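All of the numbers you see were taken from the coordinates with simple rules; none came from a lab. As the structure is a prediction and not an experimental result, all values here were calculated from the model. In this analysis, Cβ positions are derived from the backbone assuming ideal geometry, glycine residues included, and neighbour counts consider all displayed protein chains.
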Amino acid sequence: MRPQLIASSISQEALEETWRLTKGYPYFIQEWGYQTWNLAQSSPIAKSVVESAAATAIQRLDQTFFRVRFDRLTPSEKASSSSVQGRLPILPMRSLRMR
């Protein structure tokens, strides 16, 4: 088990990368911050840590954020979504280029 960071700062480059990857969306920022914090080994937290956190952050968003929204659709909305899916590629967030 690695020692937990007690106090930390984050580099300007890491903040800018988080903003770029999340497009400023609050829930995405929160998820990226959580995953970045879990990976951080030193302070200040570097841009490379934010980049390394991306795979896990995207996976968690696919499993939680997007899944919950789909599950809340009414049966007719799900049917409509399914018909559109046959004509257009519906890609999980991890499949999107975020650069």
Length gained, Arg69-Lys23, 0.36 nm per residue minus C-alpha separation, equals 14.6 nm
For Ile45, what residues show an amide H to amide H distance below 5 Å, using hydrogens built from the backbone and excluding near sequence neighbours? Ser9, Ile10, Ser11
Step through the residues of the stretch 58-75 one at a time and calculate ³J(HN,Hα) from phi using the Karplus curve (6.51 cos²θ - 1.76 cosθ + 1.60, θ = phi - 60°), rounding each to whole Hz and writing x for Gly and Pro. 5, 4, 5, 5, 4, 7, 10, 4, 6, 5, 4, 5, 5, 5, 7, 5, 6, x
Hey, can you rank 20-28, 64-72, 34-42, 48-56 by average C-beta count inside 10 Å, highest first? 48-56, 34-42, 20-28, 64-72
Stretch gain in nm, segment Leu39-Ser9, where the contour uses 0.36 nm per residue and the Cα spacing is subtracted: 9.4 nm
